[in-house]
Structure formats: structure tokens, C-alpha cells
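Engineer: The following block contains the structure, expressed as C-alpha cells.
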Amino acid sequence: MAAVSATSVGPVELKKMLHDGAEIALLDVREAAQFGESHLLFATPMPYSRFELDVHKLLHRKSARIVLCGDDFSDTVHSAASTLLHLGYSHVAVLRGGIRAWSAAGYNLFRGVNVPGKAMGELVELVCHTPRITAREMVSMQEEGQNFIVVDGRPFSEYNRMNIPGSICCPNAELPYRIAAIAPSPNTKIIVNCAGRTRSIIGAQTLINFNIPNPVMALENGTQGWYLENLKLEKQATRRYPERVENTSMPAARQAAKRLMNRLGISTILTAQLTAWLEDPTRTTYLFDVRTAEEFSKDAIPGTVNAPGGQLIQATEEWVGVRHARVVLIDNDGIRAPMVASWLVQLGYDASVLSEGINSKLRLPNALIVNPVNPPHVSASALNDAMGLRRFSLIDLNYSMNYRRAHIVGAIWSTRVKVKNDIHKLDDPIVLICNDIGVAQLVAADLQNNGRSDVQVLAGGMSAWTAAGFATVASPDQPMDDECIDHLFLVRDRNTDHRAAMQQYLAWETGLVLQLDEQERAEFRVTAI
């Protein structure tokens, strides 16, 4: 690939761009742990290891304003910028000096993941005075025999890992849609929880904003707060919201949704309007079906993206790469899409609801797909046999924690950037090992562009190797923690029985609002309904 140069912007200029109200995509190309340790507030993580695979999902418009950032000493940012320019993106710049220059200019850097969504949760509690209850207060309610239920606003996979005993899984976007079936009596108190704070607060405030008659509270600090009070958590629970929603509960919920939309200035649009928006070269429009994955699999509009509503609010940057873009939401009930839209507008997006929902006859344009090179593949059996006859450079590109658990004897853990930097050390024929074939293809292309023609990919990755019964070895301490740039230990440790990590995580969440400067706080539009 011939070198193509992008423009550069300094920290002061970028700061102005982030707050001028126009669309901007701020992409951080470092790996997950590097991003999680320190990044700009509204940066979207787009690791270089997967860059070409993910760019088309988050950047739909070729003329979008894009700024790339990362470490000041790495050429990875410039490689990513060159890739975007070759793909036809026309307005690409890099942050001069990287995140270090940003910090040196006196601007904030944030630790953690999903920071905008979590900061909004803290602002919601502050502005809306969302009622809350401590774990010990809830235990007292149990002992007194009070009439209450606990609903867990996380996806089922998280709930199943560990939950408050007796709680029912009902992801946040489903709450106003299904709560009447879960708590048919208006006298039943409803306590919403999550692992920490954000989804507890957002879930509880959602029900309050929908004017349900029940008393509603957030469980302060969620399952972590429960555990820190030396209370036992339940594991592998399977209780879920009722699948069936009675028609009798729908009219009131729809009316509440309409009132909420009116209060926040959220519009409904017709398919014709959406089609025009999708073809508009001056604005970016995202379209999401916010229903459950199970519903989406049955009757989705072809080409639409499933973004279960509660997670879209919590982790917007995983689906939306352009700040201040239009976001159009789809459901089949007139309740869930307005609920999600009500929070997205408070996050600073231009959110609307498609009035026809899944009944729309929408025809979507084809997305940009990047097809990496397809290097030769070697089967697990063939590689196992050949390893007895000759030497290979076995490069394991899987998640570092998976490598620690099991890898092929002699394999070296690496990343896309590390492979490029270490290419001079790879004397033997190279075999790339990765369960994600797209990542392996990108690394193979990099190697080929650097003159290596002796590159193969293990067909089926480690999954095929272990399925064949071939030998693996574990290395619990290798790569070392500081080398695991794809893994943020702050997030992992709070989901174990690591008390100090839980306390650190909760302190981080509650401290987010204090980190925001005046302009950053003004980007949020949290409203007391």
C-alpha cells in the first residue's frame, strides 16, 4: 500500500471540534487495555488489530469528519489514517502528539470503558434524584416481609454469571414493555439492579419516566455493593422476564412513551424520510432494531443492525462511531424504541423513532465491506505432522487471556502491531493462529506487504486444534499483565471475588462526574422528566 498522508490537528483545535455541535468521529486505534487505561471522553475504540474489519460498521459516510488518536510514539495512527484514505474517506486527520499532547494541554483523559454512558448514569442520579436503596436496607425489607421484586437490568449472560438472589433478568430496554407482567400489582415495590451503578440508575429512572404506579428504586452499587456487604450472590440463575406481553398493558405504556418523546422533542419519522436521510451525503444516519436478539432473529428488516436497547444506551460507542449523528430506532411495540431514544438524546445524539417499526418496507443500501487477502490455510492435522519435520514461527493472535489458558507448544502470543514490529525476528515459515479469521487475514496482508510469502493460517484456529485433540500448554502468567494490551484488568477483576477491585471500580464510577470539565458536561442533556 503506497503511503498516503493525513492532515493533523493539535489538542486545542480538536477540543473545539469536539464541542462545535457538528458530526465528528474520534477513533482511538490502540488495543482495548491501552484504551481503557486512558482515553479521551468521546473517543470510539477501534483497535488497529481489527481496524479494516470494523470501520465500515461504525463509519457509514465517506465524507465524515474523522480524527484518529493513539500513542504519540507509534506509527499505528498514521497507518490507520492511510487505510481510511485508501478506502475513500476524505476528511481524515490525526491528533498531533497523541493522547500525551492532549493531557499536556490540560485536557481530561478518562479511564475505563463505556465512559459516556456511565457518566450519564451518574448525572441522571444527580439531576433526577433517582431513588436508591442500599443492600442492607433491602435485606431489612426482606426480613419485614415487604412486597417487592428485584429486576436485573443486564443482559442474560451477565445476570447468569452472578445476580442478587431471587432477582429476575429484564434488560433495561425491556422494562417499560414487560414490567406490567413482572409486577402486576401497583403496590409491589420495584428495585432495579445491575453489576454496579449505571444500569441500576437508568433502569429505575426509565420506569419513573414512564410513570408506572409502583414505587421504584435503584439498588445502590448493584451486585458489587451486595457482595461488599458480605451478602451471598446467586450464580447460574435462569429467571427471565415473561415472553408474552398482555395487550391490556400496552396502551398505557404507549401513551407514556409518547409523552416522554414530546417532553424531550423526539420525533417519529416515516420510511421515506429515513431513506432520504440514509442517502444524505452531509449527515450520518444509524439505524438500529432495539428489540431482543431472539425477536430480531425472527423478523428483522434485512440489513438492519440489532442493538438491544439497554446495551445501546450503556455502550453507545460500540454501535455509533460518529458523535452528534442521527440515530433512528425500530421496535414492534411503540415502547422500546422511544425508551432508548429518550436516553440517546440525553447522550447528545439526534435520535428518532421509525413510525412503521419492523413493518417498514425499507430497502437498505449495501454496506462497505473490506475483503482482506486470503492466505493459504493449513489444517490442524497437517500442521501437527509438519511440526515434527521442520520449524515454524507459530504466532497466536487470540485474546491474551485465551492464550494463557491454552496455546500450541512453541506458539508466541502477539498482536497485529507487534507482528509488524517483530517481523525481522521471524526466520521460519509463519503460521498464524486465530479463531477470528478476519484478524488473521489482516496480519497476513501486513506480512505479505512486507515481503513475506511464507505465511499460512491455521484453518479453524485453536478451536480446530483442540477439537483434534492435539497438545496444548497453559501459561497463567504469560504474557505478563503489562503486555496484555487487549485486556483491561479493571473490568475483569470486578466480576470476580476481588473486593478491592470492586471498591476501586465503584469509586471510579462515582467520580466520573467530577472529572468532566464544563464543556464536556454540557454535551450531556440530562433532563428531569
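Engineer: Being open to solvent by 30 Å² or more (accessible area, probe 1.4 Å) and part of a loop (DSSP other than H, G, I, E, B) is the filter; apply it to region 113-133 and report the residue that is modelled with the lowest pLDDT.
Structural biologist: V113
Engineer: Before we move on, is S463 farther than 21 Å from A80 by Cβ and part of a helix (DSSP H, G or I)?
Structural biologist: yes
Engineer: When the residues of region 486-516 are filtered to those that are open to solvent by less than 40 Å² (accessible area, probe 1.4 Å) and part of a loop (DSSP other than H, G, I, E, B), which remaining residue is modelled with the lowest pLDDT?
Structural biologist: L488
Engineer: Here's another thing I want to ask about it. Taking the condition of being in contact with a Phe, Trp or Tyr (Cβ under 7 Å, 6 or more places away or on another chain) and open to solvent by 40 Å² or more (accessible area, probe 1.4 Å), how many residues in region 300-321 meet it?
Structural biologist: 2
Engineer: When region 454-485 is examined, which residues are found to be open to solvent by less than 30 Å² (accessible area, probe 1.4 Å) and not hydrophobic (A, V, I, L, M, F, W, C)?
Structural biologist: G461, S475, P479
Engineer: If you go through region 279-332 one residue at a time, how many are part of a loop (DSSP other than H, G, I, E, B), over 28 Å from H91 (Cα atoms) and either modelled with pLDDT of 95 or more or aliphatic (A, V, I, L, M) (or both)?
Structural biologist: So the answer is 8.
Engineer: Spot the failing condition for A180; the list is (1) open to solvent by 30 Å² or more (accessible area, probe 1.4 Å); (2) hydrophobic (A, V, I, L, M, F, W, C); (3) touching a Leu at 6+ places or on another chain (Cβ under 7 Å), and only one is missed.
Structural biologist: Here A180 clears every test but (3).
Engineer: Oh, and also: Say whether the condition of being in contact (Cβ under 8 Å) with a residue 60 or more places away in the chain and over 22 Å from C484 (Cβ atoms) is met by at least one residue in region 29-37.
Structural biologist: no
Engineer: Output the number of residues of region 255-298 satisfying the condition of being under 12 Å from G334 (Cα atoms), of a type in the set (K, R) and open to solvent by less than 90 Å² (accessible area, probe 1.4 Å).
Structural biologist: 1
Engineer: Answer yes if at least one residue in region 24-36 is charged (D, E, K, R), surrounded by fewer than 22 Cβ atoms within 10 Å (Cβ to Cβ) and outside any strand (DSSP E or B), and no otherwise. So that I can check it myself, show each step before the final result.
Structural biologist: Just the residues of region 24-36 that are charged (D, E, K, R), to begin with: 28, 30-31.
Narrowing the set further to residues that are surrounded by fewer than 22 Cβ atoms within 10 Å (Cβ to Cβ) leaves none.
Checked against the condition, which is being charged (D, E, K, R), surrounded by fewer than 22 Cβ atoms within 10 Å (Cβ to Cβ) and outside any strand (DSSP E or B), region 24-36 yields no hits at all.
Engineer: Identify, please: which residue in region 86-107 is buried (at least 18 other Cβ atoms within 10 Å of the Cβ) and part of a helix (DSSP H, G or I) and is, among those, nearest to the chain's Cα centre (by Cα)?
Structural biologist: By that ranking, first place goes to I99.
Engineer: Which condition from (1) part of a helix (DSSP H, G or I); (2) surrounded by fewer than 16 Cβ atoms within 10 Å (Cβ to Cβ) is the one that G451 breaks?
Structural biologist: The failed condition is (1).
Engineer: When you scan region 37-59, how many residues do you find that are under 24 Å from A440 (Cα atoms), touching a helix residue (DSSP H, G or I) at 6+ places or on another chain (Cβ under 9 Å) and open to solvent by 40 Å² or more (accessible area, probe 1.4 Å)?
Structural biologist: Here the count works out to 2.
The values are calculated or read from the model by the stated rules, or taken from the named source; none is laboratory data. Just so it is clear, the model here is predicted, and its values are computed rather than measured. Cβ: placed from backbone, ideal geometry, glycine included. Neighbour counts: every protein chain shown. When the accessible area is computed, the model is the full protein with side chains, heavy atoms only, and any ligands, DNA or RNA have been set aside. Shrake-Rupley method; radii C 1.70, N 1.55, O 1.52, S 1.80 Å.
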